1. Could you please find all residues in the stretch 1-40 being open to solvent by less than 70 Å² (accessible area, probe 1.4 Å), among the polar types (S, T, N, Q) and in a helix (DSSP H, G or I)?
2. Name every residue in the stretch 75-116 that is in a loop (DSSP other than H, G, I, E, B) and either under 17 Å from Glu65 (Cα atoms) or not aromatic (Phe, Trp, Tyr) (or both), in order of residue number.
3. Quick check: anything in the stretch 41-52 assigned to a helix (DSSP H, G or I), more than 28 Å from Ala118 (Cα to Cα) and open to solvent by 50 Å² or more (accessible area, probe 1.4 Å)?
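The values are calculated or read from the model by the stated rules, or taken from the named source; none is laboratory data. Because the structure is predicted, anything quoted here is derived from the model rather than measured. SASA here: full protein model, heavy atoms, side chains in, ligands and nucleic acids out. Shrake-Rupley method; radii C 1.70, N 1.55, O 1.52, S 1.80 Å.
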Amino acid sequence: RDPGRLDAHVNLGTLRYEQRDLEEAAQCFRRAAELDPNNALAHFNLGTVLHDAGDTAGARAHLCEAIRLKPDLADAHYNLALVAEKLGRAAEARQHWQRYLELDPRGPWAEYVRGFLARSPA
């Protein structure tokens with residue numbers, strides 16, 4: 001009811017994302033980021049949706065912004081590493097994989113990341 005409520009846009013975007021309505025989720029997260037450009041979660045969520053929708057350049061921009069705003073957001077580093085890999089930016093991906101492990105060494109993706117780093121050239 002109140003189009004100025006950031007949390008409402010984030011919550012609705014999350015629901016739409018879980019329903020796999022990526023276009024609507026992106027609109028919600030984009031509106032949240034417009035309402036508060038300094039909200040790392042809004043940029044992280046938008047970057048994640050854009051990545052899933054195949055917009056890797058857009059995803060990278062918003063994930064970088066999320067990390068700029070909140071450098072210790074482990075999941076943003078993880079997702080940015082995925083995006084960097086898709087864009088052929090191996091060194092950037094490696095940097096964010098390593099930062100993810102520093103921030104969340106026992107996280108849900110930690111073993112995957114360790115294996116990836118072990119298999120990929122430095």
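1. Thr14, the sole residue that qualifies.
2. Leu87, Gly88, Arg89, Asp104, Pro105, Arg106, Gly107, Pro108
3. Yes, some residue in the stretch 41-52 is assigned to a helix (DSSP H, G or I), more than 28 Å from Ala118 (Cα to Cα) and open to solvent by 50 Å² or more (accessible area, probe 1.4 Å).
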